[in-house]
Amino acid sequence: MGFYSCPYTFIDGRICGKGCYRQEGCALHWKIRPRTPCGECGMPTTSSYGMCVKHSGKYRRRVNYQQKKRDELRAKIAIFENHIPDLPDSMHEEEKA
Ligand SMILES: [Zn+2]
Ligand SMILES: [Zn+2]
């Protein structure tokens, strides 16, 4: 069995480096999707617009983006349930982060 060090990169650029049995990362991080480098400075980011926190400001359409995602989700659910459901407040969680 191989022994790896967690390649997870924090938002500030630090690497987790914790010993782990999964190549993907430690127990805490292996499930987290890989980050894409910021289009401007190369800082790894999970941002959906491909920019780090510092550089995403001018590209930020977060509210619109969330709204769009919700609309897409509603549309998908509506296909199955044949009506537009109310989505739970937990959909807002990500906006606060
Ligand atoms: Zn880790
Ligand atoms: Zn950046």
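A few notes on this one:
- Complete set of residues in the range 16-45 that are within 16 Å of ligand 2 (Cβ to nearest atom) and part of a loop (DSSP other than H, G, I, E, B): Arg35, Cys38, Gly39, Glu40, Cys41, Gly42, Met43
- Residue check for Gly13: within 16 Å of ligand 2 (Cβ to nearest atom) and either modelled with pLDDT of 85 or more or among the polar types (S, T, N, Q) (or both): yes
- Extreme residue, farthest from ligand 2 (Cβ to nearest atom), among residues of the range 54-65 that are at pLDDT 75 or above and surrounded by 13 or more Cβ atoms within 10 Å (Cβ to Cβ): Ser56
- Per the listing Tyr8, Tyr21, the residue uniquely in contact with a Cys (Cβ under 6 Å, 6 or more places away or on another chain) and at pLDDT 75 or above is Tyr8.
The values are calculated or read from the model by the stated rules, or taken from the named source; none is laboratory data. For clarity, every value in this text was computed on a predicted model and none was experimentally measured. In this analysis, Cβ positions are derived from the backbone assuming ideal geometry, glycine residues included, and neighbour counts consider all displayed protein chains.
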